[in-house]
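Take a look at the structure set out below.
The values are calculated or read from the model by the stated rules, or taken from the named source; none is laboratory data. Bear in mind the structure is a predicted one, so any value in this text is a computation, not a measurement. Note: ideal-geometry Cβ built from the backbone for every residue, glycine included; neighbour counts use all protein chains shown. Protein only, heavy atoms only, side chains kept; ligands, DNA and RNA dropped before computing areas. Shrake-Rupley method; radii C 1.70, N 1.55, O 1.52, S 1.80 Å.
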Amino acid sequence: IAEAVESSFEENIFATGKLEVRDKQEFYADDNTIITDVMVDAGQKVKKGQTILRMDDSNLTVEASQNRLACDDIRAKIVNSKSNLRLYEQDYGLAQKEYENYKILFAEGAISQKELEEAEKKLNEAKERLIVERDANLPLLEAQLKQAELIYSESLKKLEKTVIISPMDGVLLNLPVKKGQKVEVGKLLAQIGNSDNLYIETGINEVDAARLKVGDKVEITNNALLTESLQGTVEYISPIAEAVTTSQGEQNQVKIRITVDTGRGIDQLKPGFNVNLKIILEQKDKAIVVPLEAVVQNAKKELVYVVGQDNIVEEREVRTGLSNELFTEIISGLSVGEKVILNPSEGIQNGVKVIVDAASN
């Protein structure tokens, strides 16, 4: 038997999950290269702007230098082209004036037709040189410079990436390389995150998930690592269920995400740690509760078997409220202090007399 008691009571859902970092950044190798220096160990705290590691930059330094010289060469050609353009503009202006003067002189009979044609030819040649320099040579050089500057800029970016610098205050979560190691394009070099901004993503069976709501409070525990529980909040519930293979077989689960509140004890946790979760659906300061095993379903009725005076059993209908994995709340039909039978067998009926097991009392 067990006694109906009054106490604070919670309806909970239990789950497990793994701590993840919300603000996380990963760095990958852009070229086949060699790690030349490693300044920080995995798990170590880092500051924004702190150098994590360096890679061989000799080839990229040469490439960037060559690209810079290519830009400088084109800039020199542009300067020369603009100088030529100014000269050609002057020559064209002088040729125009000369041609206009020759036309007047020809009209007055002071020069021959051939001299006028020579002046016109000189004007056309000056115009052609001007047009070629202004509309062809200079635009081509300027376009070449833009392309060369883009190539140079990309080479500088590649050169900058040979040094991994932390973009934030945080923790070096993963460092899968070491000094002297050859790495290929796409190799993960480092993973940095802010360990003060943690979350937990886990799956809840669809029946329990239907009872959840965003904002539900969560207690986060780890007996080996935490001296007291941390607090969290359900921040996201997936609108769909997904089939997931578990140790119990395939189940439909709904993904949920829990924010870990910053506060006392959070420094004891690290990303990747497994934790236990108690999601609090509802709380009552006072409730009459009995063990789950005391309540029996019979013809859509909820019954308990109360041990009364002289150990005579009374079958009594009750109305239940909240429940968790161990207890259920009795809203009506039972009073504090009354004793009920646990897991009543078929022989337990209204009016029978029982012997109470002292070990369960």
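Which residues, taken from region 221-237, are part of a strand (DSSP E or B) and either out of contact with any Gly (no Cβ under 9 Å at 6 or more places or on another chain) or aromatic (F, W, Y) (or both)? Passing the criteria: T221, G232, Y236, I237. Only strands (runs of 3 or more DSSP E) whose full extent lies in region 16-76 are considered here, and the ones with at least 1 residues that are more than 27 Å from L150 (Cα to Cα) and open to solvent by 50 Å² or more (accessible area, probe 1.4 Å) are 24-28, 33-38. Being small (G, A, S) and under 29 Å from the mean Cα position of the chain (by Cα) is the filter; apply it to region 1-25 and report the residue that is nearest to E314 (Cα to Cα). Restricting to residues being small (G, A, S) and under 29 Å from the mean Cα position of the chain (by Cα), the top hit is A15. Residues in region 300-346 that are among the charged types (D, E, K, R), closer than 20 Å to S7 by Cβ, open to solvent by 60 Å² or more (accessible area, probe 1.4 Å) and in contact (Cβ under 8 Å) with a residue 24 or more places away in the chain: E325, K339.
Does V163 satisfy the criteria of being of a type in the set (A, V, I, L, M) and touching a residue at least 60 places away in the same chain (Cβ under 8 Å)? Criteria met by V163. Only one entry of Q297, Q283 meets the criterion of being in a strand (DSSP E or B), under 30 Å from K255 (Cβ atoms) and open to solvent by 70 Å² or more (accessible area, probe 1.4 Å), and that entry is Q283. The set of residues from region 347-361 being open to solvent by 90 Å² or more (accessible area, probe 1.4 Å), modelled with pLDDT of 85 or more and not in a strand (DSSP E or B) comprises Q349, N350, I355.
Checking the stated criteria, Q90 turns out not to satisfy the condition of being open to solvent by 50 Å² or more (accessible area, probe 1.4 Å), assigned to a helix (DSSP H, G or I) and within 30 Å of F27 (Cα to Cα).
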